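Input: a single structure, listed below in structure tokens.
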Amino acid sequence: MKSLLILIFLSFQLAFSQQELKHEVYFETDKYNIPETEHSRLLLFLAEIDNMDIEKISIYGFCDDRGSNTYNLVLSQQRADAIKTVFSNNEIDESVITNVDGKGEILVNIVHEENLSKIRGLNRKVEIIVKPVFPPKPKEIVSEKENLEDILKGELKEGDKILLENLLFRTGYSYLVKDSKPVLDKISKILSEREDIYFTIVGHVCCTQGNRDAVDRKTKKRNLSLARAKYVYDYLAKNGVKRYRMKYVGMRRKQPLGGEPELDRRVEILVTRIIKKAD
């Protein structure tokens with residue numbers, strides 16, 4: 001009996017671990033632009049899957065039963081593409097989006113004529129299906145590179161670019177994940193004491209189409225790389241680094257590293273001037 005209970009528990013745990021997350025976005029008649037309320041709901045869903053280890057995402061567009069087959073196939077595809085664009089703008093890795101398909105119309109089963117309008121409204125939608133990786137990948141412990149402090153304290157020259165590897169940002173936002181703040185505190189201390197360095201803080205984003213900037217989910221502006229650089233700029237200034245020694249700039253997605261998407265949500269320091277001490 002005990003073995004049976006254990007087996008049932010493990011089976012339930014396995015099924016739960018492999019459970020897909022689903023979300024639906026609804027559209028107005030003949031439209032593929034996302035209504036504001038639906039866009040807000042979609043952003044909440046993206047926040048829900050931010051920390052999930054995702055195997056694949058499927059996006060399926062649908063229409064109601066009105067319109068020709070050709071028209072409905074085109075419109076349903078446009079709706080699916082609109083959702084994919086939101087995912088890209090919010091730094092969701094496109095490599096895990098395996099399906100973006102317009103399925104055309106959903107036929108209506110009329111039970112009560114007075115419900116027809118409501119049913120058609122529910123059929124004008126996009127279905128999003130997110131499948132997590134199972135078993136989840138082990139999470140790496142964020143730790144500061146041993147040589148980062150040595151680099152910042154060592155001999156630098158104009159044009160040097162220093163990657164602050166463990167300053168990791170939350171997907172779609174301009175603020176750091178909790179484990180990254182101690183790293184920035186150490187950087188602040190070194191740079192506040194080393195007054196011979198003038199530098200530019202360079203922000204980057206991941207996963208957008210082409211080299212576009214991503215949308216900052218907090219402000220709704222397409223300037224996330226700039227917002228990340230400014231976040232670090234303000235943090236350093238608050239912790240003793242003189243503002244006149246710093247500038248900040250956003251590079252959008254012009255310089256991807258080609259590795260894990262989270263590593264492109266990064267900030268670098270570009271040394272622009274070294275003040276040599278008088279002999």
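The values are calculated or read from the model by the stated rules, or taken from the named source; none is laboratory data. No experiment lies behind these values; they were computed from the predicted model shown. Reconstructed Cβ throughout: ideal geometry from the backbone, glycine too, with neighbour counts over all protein chains shown.
Taking region 51-100 on its own, how many of its residues are more than 18 Å from D264 (Cα to Cα), at pLDDT below 95 and acidic (D, E)?
Qualifying residue count, region 51-100: 3.
Could you please give the count of residues in region 144-165 that are among the charged types (D, E, K, R), part of a loop (DSSP other than H, G, I, E, B) and touching a residue at least 40 places away in the same chain (Cβ under 8 Å)?
Selection size over region 144-165: 5.
So T37 fits all but one of (1) in contact with a Ser or Thr (Cβ under 9 Å, 6 or more places away or on another chain); (2) of a type outside the set (A, V, I, L, M, F, W, C); (3) surrounded by fewer than 14 Cβ atoms within 10 Å (Cβ to Cβ); (4) within 12 Å of V25 (Cα to Cα); what number is the exception?
For T37, the failing item is (1).
Residue by residue, here is whether (1) modelled with pLDDT of 90 or more; (2) farther than 29 Å from D53 by Cβ; (3) in contact with a helix residue (DSSP H, G or I) (Cβ under 6 Å, 6 or more places away or on another chain); (4) in a helix (DSSP H, G or I) holds:
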site: L167; (1), (2), (3), (4): no, no, yes, no
site: R212; (1), (2), (3), (4): no, no, no, no
site: D216; (1), (2), (3), (4): yes, no, yes, no
site: R228; (1), (2), (3), (4): yes, no, no, yes
site: Y233; (1), (2), (3), (4): yes, yes, no, yes
site: G259; (1), (2), (3), (4): no, no, no, no
site: K277; (1), (2), (3), (4): no, yes, no, no
